[in-house]
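J.: Please see the structure below; I have some questions.
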Amino acid sequence: MTDKSMKEMQTEVDQYIGQFKEGYFSPLAMLARMTEEVGELSREINHYYGEKPKKTTEAERTVEEEMGDILFVLICFANSLNIDLEEAHNRVMEKFNTRDKDRWTKIDEQGEN
């Protein structure tokens, strides 16, 4: 597989969804789907890193797969609202690099390399 930009991923998802009459879900339904997917990720994290091991009858799923599901739903959500996720990411990084630039201790400030 080749690396894809966020714009390419948004286009790919839009083309996939565009082949169906139903199109994108409503924003409320999309939020419910996102919540469901985050819950599935939480369950996997709890199985791998928490105190609740999987039952032998539970299907094998991975944290990577669950994160992929969340990314797909997030892209669908953004597309349905005409949000450019690259632009949204750039805005958030600008915020972290300005407003939050001194919030945490940087590694080089602790004398670590």
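The values are calculated or read from the model by the stated rules, or taken from the named source; none is laboratory data. In this text, all values refer to a predicted model and were calculated from it rather than measured experimentally. Cβ placement follows ideal geometry from the backbone for every residue including glycine, while neighbour counts extend to all protein chains displayed. Keep in mind that these areas ignore ligands, DNA and RNA; they rest on the heavy atoms of the full protein, side chains included. Shrake-Rupley method; radii C 1.70, N 1.55, O 1.52, S 1.80 Å.
J.: Which condition does Glu58 not pass, out of (1) in a helix (DSSP H, G or I); (2) acidic (Asp, Glu); (3) more than 23 Å from Ser80 (Cα to Cα), if it passes all the others?
T.: With (1) in a helix (DSSP H, G or I); (2) acidic (Asp, Glu); (3) more than 23 Å from Ser80 (Cα to Cα) applied to Glu58, the lone miss is (1).
J.: Could you check how many residues of segment 2-16 are touching a residue at least 60 places away in the same chain (Cβ under 8 Å) and either of a type outside the set (Asp, Glu) or exposed (fewer than 11 other Cβ atoms within 10 Å of the Cβ) (or both)? Working first, answer last.
T.: Initial filter on segment 2-16 (touching a residue at least 60 places away in the same chain (Cβ under 8 Å)): 5-7, 9-10, 13-14.
If we keep only those that are either of a type outside the set (Asp, Glu) or exposed (fewer than 11 other Cβ atoms within 10 Å of the Cβ) (or both) as well, we get 5-7, 9-10, 13.
Qualifying residue count for the region: 6.
J.: So, one more: Give me the residue from segment 17-46 that is over 19 Å from Glu66 (Cβ atoms) and assigned to a helix (DSSP H, G or I) and, out of that set, most open to solvent (accessible area, probe 1.4 Å).
T.: Per the criteria, the residue is Leu28.
J.: Turning to a different aspect of this structure: Limited to segment 72-92, what total is found for residues that are open to solvent by less than 80 Å² (accessible area, probe 1.4 Å) and without any contact (Cβ under 8 Å) to a residue 24 or more places away in the chain?
T.: The number of residues fulfilling the criteria is 3.
J.: Suppose we filter segment 79-106 for residues that are in a helix (DSSP H, G or I), among the charged types (D, E, K, R) and farther than 24 Å from Val13 by Cα; how many remain?
T.: The first filter runs over segment 79-106 and keeps only residues in a helix (DSSP H, G or I), leaving 79-80, 85-98.
Then keep just the ones that are among the charged types (D, E, K, R); that gives 86-87, 91, 94-95.
Those left that are additionally farther than 24 Å from Val13 by Cα: 94-95.
Number satisfying all stated conditions: 2.
J.: Return the only residue of Lys54, Lys95, Lys106 being open to solvent by 90 Å² or more (accessible area, probe 1.4 Å) and among the basic types (Lys, Arg). Outline the logic, then answer.
T.: On the way: Lys54 fails: open to solvent by 90 Å² or more (accessible area, probe 1.4 Å); Lys95 fails: open to solvent by 90 Å² or more (accessible area, probe 1.4 Å).
Going through Lys54, Lys95, Lys106 in turn, the sole match is Lys106.
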